[in-house]
Amino acid sequence: PTEAKQAGDNPFQVVLWRSLRHGPRLTDLLQTWIHFFTKGEVAIPSGEDEQISMLIECLRRWRCLLILDDAEGILHEVNTTGGKVQRYAGYNELFRRIAISSHQSCLLCITDEQFRRMEQLMQSDGSSVRAMRLRPLSSMASQLLLRRQGITASDSVLAQAACHYAGQPLALLEAAHT
């Protein structure tokens with residue numbers, strides 16, 4: 001599900017977060033976001049292209065931070081050839097249109113893997129697309145994160161967990177809450 005927060009001291013008016021872990025259809029994502037912006041008072045077109053255009057209009061009106069987490073959920077399908085490529089091909093168009101359009105918002109894609117389409121967009125003339133590589137947490141920081149989540153285990157068990165989850169904060173948090 002999409003999570004929305006009204007920004008307090010944040011430079012963004014709205015922050016919308018959505019996990020792509022289970023590969024949601026683009027039209028489902030777009031409809032959810034457009035419905036949020038329009039408060040359900042506007043008919044949402046059925047075509048992806050029209051929905052992308054409507055979303056970009058929203059990004060022009062409001063300063064938004066759109067976060068697509070676990071983007072590898074669609075990357076495997078978009079970056080390879082196979083039967084499911086069509087299902088996720090619209091995401092490439094969404095990324096391209098957001099990258100080349102004039103608006104006051106930001107799209108943040110979080111993934112553990114290289115994102116070939118974003119690399120292509122970054123190489124375009126005058127591109128506003130950027131990539132930042134985040135390093136995993138150290139073993140000590142991973143253990144501290146787990147302890148702050150209420151995990152009471154020996155240092156060696158926490159070190160094993162840190163190693164198993166490769167210092168990935170989200171994976172560590174999920175493990176702590178399961």
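Values as computed for the structure displayed
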read-out: Computed accessible area, E50, all protein chains, 1.4 angstrom probe, square angstrom; value: 100
read-out: Kirkwood Rh in Å, taken over the stretch 89-177 so that all alpha-carbon pairs contribute; value: 15.5
read-out: Ranked by how many other beta carbons lie within 10 Å on average, peptides 42-49, 13-20 from highest; value: 13-20, 42-49
read-out: Amide H partners (placed H, <5 Å) of I110, local residues excluded; value: L68, D69, D70, A71
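The values are calculated or read from the model by the stated rules, or taken from the named source; none is laboratory data. Quick caveat, the model's predicted, so the values are computed rather than measured. With ideal geometry, Cβ positions are generated from the backbone for all residues, glycine too; neighbour counts draw on all protein chains shown. Each accessible area value is taken on the protein alone, full model and side chains, heavy atoms only, with ligands, DNA and RNA left out. Shrake-Rupley method; radii C 1.70, N 1.55, O 1.52, S 1.80 Å.
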